[in-house]
Structure formats: C-alpha cells, structure tokens
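Here's the structure we're looking at; comments come further down.
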C-alpha cells in the first residue's frame with residue numbers, strides 16, 4: 001500500500017511496529033466466526049493480521065481515501081463502513097460484538113461513552129488509547145486519575161490495562177505514550193444516573209454535601225464530608241437508586 005499522508009484533523013497516527021501488532025492480536029485472540037468491528041483501521045496494519053483468522057471483519061473509517069483503499073485491498077472479507085464512528089449505529093450489526101481499534105485521541109472519551117451505552121450487545125473491546133486516558137479508565141477511588149470516566153466505565157465493564165506502547169510505534173509519533181486496555185461487559189452492570197455523576201465531578205473538590213446537595217448520605221452510610229473521587233462505582237449506584 002502507498003504510504004498515506006496522516007491528516008491532522010482526523011487525529012491520524014498509524015501503528016506500524018510489528019511487535020506491538022503481534023502482541024495486540026495475541027491479546028484480542030480472534031476466532032474465525034467472531035463478529036468483530038475495527039474502529040479506525042487506517043492503513044490496515046491491524047486489519048491484515050485479523051483477517052488471517054477471521055471469516056469477515058467490519059471496519060469503520062472516516063477518511064474516504066483510506067476507506068476506498070481498504071475496500072480495494074481486502075475486497076472479499078472486509079466490510080468497510082465509511083462513516084463517523086460517533087454517529088455509527090452499532091445496532092445494525094449482530095449482537096456479541098467484539099470491537100477493536102487504535103482510537104483517535106481527539107474523540108476517545110466521547111466515543112467510550114457512546115460505546116458504553118450499547119454494552120449489552122458487546123462481548124468485549126480492545127483499544128489502544130492515550131496512556132493518560134487508560135489510566136483514568138482503570139483508576140481506583142481516591143487516586144488522582146479517578147473521575148467521571150472511571151466510574152461510568154467501571155459501572156458497566158471489567159477493565160484491564162494490558163500493556164504500554166511507546167510513541168515510536170506510530171507514524172507520525174504522537175506527543176504522548178499509549179496503552180492497550182481490555183473492556184469486558186459486566187453480567188450485572190451498575191445503574192448510575194449520568195446527570196448525577198456529571199454533577200458530582202463538576203465539583204470534585206467540594207464535599208459530597210455540597211456537590212450533591214439533597215442526598216441523604218446518612219441513610220446510605222456515607223460520610224458527607226468525603227469528596228466525589230472517594231466514592232466507588234457501587235456507592236454511586238446506591239446514590240442513584242435513592243435519587244430515583
């Protein structure tokens with residue numbers, strides 16, 4: 001394939017390190033009849049090894065030139081959707097989805113929230129993301145990285161940080177390090193009110209009594225002098241249940 005000039009407006013950084021690709025495919029463990037979707041396949045560095053095992057693969061690519069080139073290179077078993085993944089309807093695909101990809105850093109957080117809303121139809125997800133974002137995704141309560149993203153995703157998924165990836169594994173090298181994370185939907189996800197969560201973490205330096213005024217923390221056995229980052233996803237589920 002002719003080398004594609006990365007487009008800054010799409011946040012394109014193409015993975016090219018064969019050792020990282022091998023490690024990523026090993027972590028995903030594709031099986032022939034998996035219903036798998038690759039987000040942002042770019043130049044197809046991950047697409048090609050996945051298709052060595054998969055019967056077919058769906059790919060969502062915003063860049064028209066890359067989408068056309070991928071369709072040309074893999075005409076039989078790659079189904080290319082030239083679309084914005086933030087607007088893509090995953091409901092048109094069968095359930096039990098396995099979603100993978102090197103996510104553009106500029107849309108990673110809204111995309112994760114978008115995908116989390118359809119968790120019931122997902123089997124697992126493997127993403128390469130900015131290291132800082134992965135650390136927030138897997139963070140524990142009362143740590144600096146813990147926040148709204150941590151709670152919202154951990155309410156629905158078992159999160160596992162797999163390995164770090166240096167900037168030199170990409171073309172062009174990003175200014176930040178990356179990491180790979182595995183997300184597996186929980187059998188019984190926690191129900192957390194999104195508006196309540198936004199309210200809590202928009203005032204994360206305030207105490208709970210000020211950040212979430214009106215909640216009877218005594219009835220929940222929670223100290224109202226704690227801060228929003230001190231509560232677990234389970235705590236937020238309990239608060240949400242009381243607020244309904």
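Observations, loosely collected:
- Equivalent ellipsoid semi-axes, the stretch 64-165, via Cα gyration tensor eigenvalues times 5, rooted, Å: 28, 16, 12
- Percent of C-alpha pairs per 5 Å bin in the stretch 134-225, short distances first: 2, 12, 16, 19, 17, 13, 9, 6, 3, 2, 1.
- Here the chain is treated as a sphere whose radius is the Kirkwood value from Cα pairs; by Stokes-Einstein at 25 °C and 0.890 mPa s it diffuses with a coefficient of 128 µm²/s.
- Taking the longest Cα principal axis of the chain as reference, the axis of helix 233-243 is set at about 60 degrees.
- At full extension, residue 86 and residue 220 could sit 44.6 nm farther apart than now, given 0.36 nm per residue minus the alpha carbon distance.
- Note on the chain: antiparallel DSSP beta bridges, both residues inside, total approximately 45 percent of the bridges counted.
- A Förster radius of 25 Å, combined with the Cβ-Cβ distance separating residue 31 from residue 163, puts the computed FRET efficiency at roughly 0.70.
- Each DSSP beta bridge with both residues in the stretch 77-190 is either parallel or antiparallel, and the antiparallel ones are about 70%.
- Computed over the chain, the per-residue total of -39500 (n - 2.57) for DSSP H runs of n ≥ 4 gives a 222 nm mean residue ellipticity of -8500 deg cm²/dmol, rounded to 500.
- Rg/Rg_globular for the stretch 194-243, with Rg_globular taken as 2.2 N^0.38 Å and Rg from C-alpha atoms: 0.96
- Label point 7 Å beyond Cα of residue 230 along Cβ direction - residues of the stretch 124-150 with amide nitrogen under 15 Å: 141-144
- Modelled label reach - residue 121, point 7 Å along Cα→Cβ, the stretch 19-46 residues with backbone N closer than 20 Å: 33-41
- For the stretch 48-111 versus the stretch 173-244, the inter-centroid distance based on Cα atoms is 32 Å.
Each value in this text was obtained by applying a stated rule to the coordinates, not by laboratory testing. All values reported here derive from a predicted model rather than from experimental measurement. Positions of Cβ are generated from backbone atoms using ideal geometry, with glycine treated the same way; all protein chains shown enter the neighbour counts.
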